[in-house]
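Heads up: the structure comes next, in structure tokens.
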Amino acid sequence: MAQRAWRSVVAMLIGVLLFPVAARAQTRRDAVLVARVIDIETGNPLEGVELRLVELGRVARSNRQGIVHFTKIPPGSYNLFARRLGIARR
């Protein structure tokens, strides 16, 4: 059961969009990350999933619709880590 639930969490991130947003009074461009977190088996949104942009140390939680927003992300490459209480890590 826990393995099935974990598989859902691993596959739950879909529709991740990165798009540049003009930074005020700066020449560099920051980005916005918008993700939708779902249960891969049911397609239902997952609320309360913690997403962490590891290199920036920033954390956000998914809302009732499974949506997560990060703003003002500097240019670069990042690791995104997801976890939800009650689901075992593999």
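The values are calculated or read from the model by the stated rules, or taken from the named source; none is laboratory data. All figures in this text were calculated on a predicted structure; none of them were measured in a lab. Just the protein is used for accessible areas: all its heavy atoms, side chains included, with ligands, DNA and RNA removed. Shrake-Rupley method; radii C 1.70, N 1.55, O 1.52, S 1.80 Å.
How do Phe70, Phe81 rank by accessible surface area computed with a 1.4 Å probe, from largest to smallest?
Output order, biggest surface exposure first: Phe81, Phe70.
Can you give me the Cα centroid spacing of segment 63-79 and segment 37-53 in angstrom?
First find each Cα centre; the distance between them is then 14 Å.
Whole-Hz Karplus ³J(HN,Hα) for segment 68-75, in order, using 6.51 cos²θ - 1.76 cosθ + 1.60 and θ = phi - 60°, x for Gly and Pro?
10, 10, 10, 10, 6, 8, x, x
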